[in-house]
Each structure stands twice: as C-alpha cells, then as structure tokens.
1. Do you know which residues across segment A:174-195 are more than 12 Å from chain B (Cβ to nearest Cβ) and either at pLDDT 95 or above or in a loop (DSSP other than H, G, I, E, B) (or both)?
2. What number of residues within segment A:77-105 satisfy the criterion of being at negative phi, assigned to a loop (DSSP other than H, G, I, E, B) and open to solvent by 30 Å² or more (accessible area, probe 1.4 Å)?
3. For segment A:106-142, name all the residues that are of a type in the set (Gly, Ala, Ser) and surrounded by 23 or more Cβ atoms within 10 Å (Cβ to Cβ).
4. Looking only at segment A:121-153, which residues are farther than 19 Å from residue B:181 by Cβ, at pLDDT below 95 and within 14 Å of chain B (Cβ to nearest Cβ)?
5. Return the only residue of A:49, A:45 being at pLDDT 95 or above, open to solvent by less than 50 Å² (accessible area, probe 1.4 Å), in a strand (DSSP E or B) and under 30 Å from residue B:114 (Cβ atoms).
6. With the structure loaded, tell me whether residue B:83 is on the phi > 0 side of the Ramachandran plot and either touching a residue at least 24 places away in the same chain (Cβ under 8 Å) or over 17 Å from the mean Cα position of the chain (by Cα) (or both) or whether it fails that test.
7. State all residues of segment A:48-83 that are away from chain B (no Cβ under 13 Å), in contact with a Phe, Trp or Tyr (Cβ under 8 Å, 6 or more places away or on another chain) and among the acidic types (Asp, Glu); if no residue qualifies, say none.
8. Within segment B:123-212, considering only strands (runs of 3 or more DSSP E) that don't extend past its boundaries, which have at least 3 residues that are surrounded by fewer than 22 Cβ atoms within 10 Å (Cβ to Cβ)?
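The values are calculated or read from the model by the stated rules, or taken from the named source; none is laboratory data. Computed from a predicted structure; not experimentally measured. Don't worry about glycine lacking a Cβ; one is built from the backbone with ideal geometry, like all the others, and counts go over all protein chains shown. We work out accessible area using only protein heavy atoms, side chains counted, and drop any ligands, DNA or RNA first. Shrake-Rupley method; radii C 1.70, N 1.55, O 1.52, S 1.80 Å.
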Amino acid sequence: MKTRILVLLVAAASVVVPMTAQAQQLFDFNGQTDLPDMVGSDLTMYSRMFDASPAVPPIPLDFANFEFTLVVTGLELVTDGNPQAYAGGTVIIYQDDATAADYANTGTFTDGTAILVGSLVSLNRTMFTSSLGSVLGTVDWTGGTRLDDIAPEDQDGWAFLSGTINRADSVEPGFDEAWDGKVEPQEPIVDDEATSWGSVKALFSR
Amino acid sequence: MKRAFVPKVLVGALLPALFAVPALGQVYSVDYLGYAWETGGILPSDAGDELVIVSVADYVDPAFGVDLGTDELTFHVYGLVSGGEADFFGNTMINYAGGYLEIYQDPTRNADWGVNPPNATAPGSFTEGSLFFRGAFTAFTLFFDPSGSYGSFEGTLDGLAGSIIDDVCSDCVYTWGGAFTLDAGAQIPQGYDLQIDGVFEIDAAVSSESASWGSVKALFNN
C-alpha cells in the first residue's frame, strides 16, 4: 500500500529497494456486545481501544491525551445458525477527552469526534463451544475527520477480527458477549515507498 | 471458598480493613496481543508439536498497579504440546497438554517479535524483567473454523509464582481470545503462524469489600 511515491535518485534505477521490516498496524479494541434476538435485528458493540505497542495504530492516535472508542451499530443478522452472517453495519472510531467510557452508560462511547467512519460490509460469527467463538468481517472506511490520513486505495477491505466469550465473569451487565479484537489493514500503511524509475514512468503512461 | 491472589495495590487497602471477605465471581484482567508459532507450522497441527506464544499487554486492570507507560508486561507461553487435530462439529479442535504461561514486568520496554522465531529477540525480549505471574496450564484448546483462517482459544491455569500472587492457586486463571492467520487478513511477521489477541483473567477471591462483625463471625462458624 502506498500513500506517496518516493523517487530514488540512484544509478541503479531499475533495482527496487525492498521495504524494511515495519511494526504491525492495527486498531485494537476490547468491548461488550448486544446480540440480536432474531434475523433482521441488529448487533451493537461498544469498545475501548488500547495502545498495542510495539504494534502501532494504522494512523497516529494520541492515547496519552485522548480516549478512543470503537462502536459498531446497525449490524443486521441476515442468516442465523452457526456461523451467523451479518451485513450492513457501521463502525465508528471516536476520539474524546471529556468523558470516560462506561458500560453502564453507552453514550460515553459515542461522544467526542468521529475520526473514522466505516461500513462493516460483512461479518461472520462462529461459535466453537457454548461460550467461546470468533468473528471475521470486512470494513471499508468512508468518512470521519481522519479519513484523509488513509490513501483512497487503502481505505477498503480492512479485516475486522475478534474472539468472543459469554462467560459471566467476562460480560458486563446488560450485554451478551465480550469481544477482544482488532481492525487492521491487510498490509501496513506507509508514508512513502521506494520504486523504480520504470514504475514511475509507467504511472504517467496510463 | 478459595483464597487465590491479592493484587499488590489491594494489599494496602486490605490491611486496614482486617475483615475483608471474598467476593466471588470477580476477576481482574489483562488484555494482550502477539504472535505464535508451532513447530512444523499450523495448520496442520501434528501430535507432539509445541505451540509458543509471545505477546505484550495493551491493557492492565488498575488493581495490578502497573503503568504500561513506563513498564511493559510481556507474555511467554511455552511447552504446550499438541495432541493433534480433531473434528469438532465441523470445526477443527486442537487440545494441548502441559505448558506454562509466564508474564514479566519490564521497564526496558524492548519487546520485539522480529521474524522467523525463535530469534535474537523472541522469546528473549519477552522473558526479561521481574516475574509478574507464572502458571501451569491445566487445559488449553485451540479452535479453527472450517476454512482454518480464524479461530479462538481458551485455557485454564494453576498459579505457581509471581508478584501478583501470594500463594499457589488452583484453576484461578482463565485465558481466552482470538487466533488469526494471514488468510483472515491478519498482519503476521514472517515466520510466525498466528496472530493472537487474548485476555488473561485471574480470580479476585479476596477483595476490599468491608463486612459487618456479624458476617465475619459467621465465616468462622462455617
């Protein structure tokens, strides 16, 4: 993935310099979920985001001075069973320095600035036992104050991955499941990338 | 009632309240994220393969008194021996035997997964500092969906040592989370097999709840 082209002024212009090892990038979250009762009803999930250093968020987030929450709403159960299939949800990452997130008041998760807004295109939820499961989905980022921090070609197809548990010790009152997961690009977002002269000229030949 | 552990910061709170009583069902948690490899790779998981996980905490319950801004908590799971794959209602289940979890508190904050483990930094940089917790797995199971791209794990442990426990405790720790492969879209350093996102939960069988003289005396009459 690339956000800017860096042209290398080297004699061996045809040699592409390999990308150096980079930190893994992800938005890490730990949250609580309301499950739908029937097909056509919606799943909602409220979560707090954490600094997963030495992994890094795909765009810089100031965890020292702000709280970040990730909220899923409107995710409709379209096929029941195991796995369940969901579609049509919205994912929003909020940045807030005023109120601490509190599961007893879900409004504390949705205040602040919506820095990224995305569409949860699809999501499967699989239960392996009566209490333990996992989800896999795909997010396309479409809005928010920080959307432009991600190049247009990098905004789609992010993985939404989570483990799920419904043990009483792990679930907050009023919720059905705890989710521990992340949203991440399939390749790291980079500021710049080395390329050959030939590749640069090819871009202008299109 | 079992006496499991006393978080460091609660010890001070408990001392003045001499008659604290256990609060059942309460747990303290640590959220962690990292990567795993298994000898010979996974999937498949062959009987006898060893699973190793190295991860870093990104959230710790305030009761533990650890500031992740100054110290890192690193997880090292080792010695989990695969019993091989089994079909479990269409999913893949792998039961492991043996195994230990060690958590270290380290102010150097130098955890580095590197590539192609074991390597110069993994697991080495995850086993530095002071021992925060050491436990022996009594059970550990990994599940995968039929595609083998995503799954979950859970395990229970006996507490053996570490700064957060004052005695051994039986089945006092539970850990669960998700396990993801490249096919699920997870970023995974070269040479690792799985991305691991999990939660460590330890029973808080001793809390700072106050109790009346009557209920305290009732404890000794049981």
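1. A:174, A:175, A:176, A:190, A:191, A:192
2. 9
3. A:118, A:133, A:134, A:137
4. Scanning segment A:121-153 gives a single hit, A:121.
5. A:49
6. no
7. A:76
8. Where strands (runs of 3 or more DSSP E) fall fully within segment B:123-212 and carry at least 3 residues being surrounded by fewer than 22 Cβ atoms within 10 Å (Cβ to Cβ), they are B:130-144, B:150-161, B:169-180.
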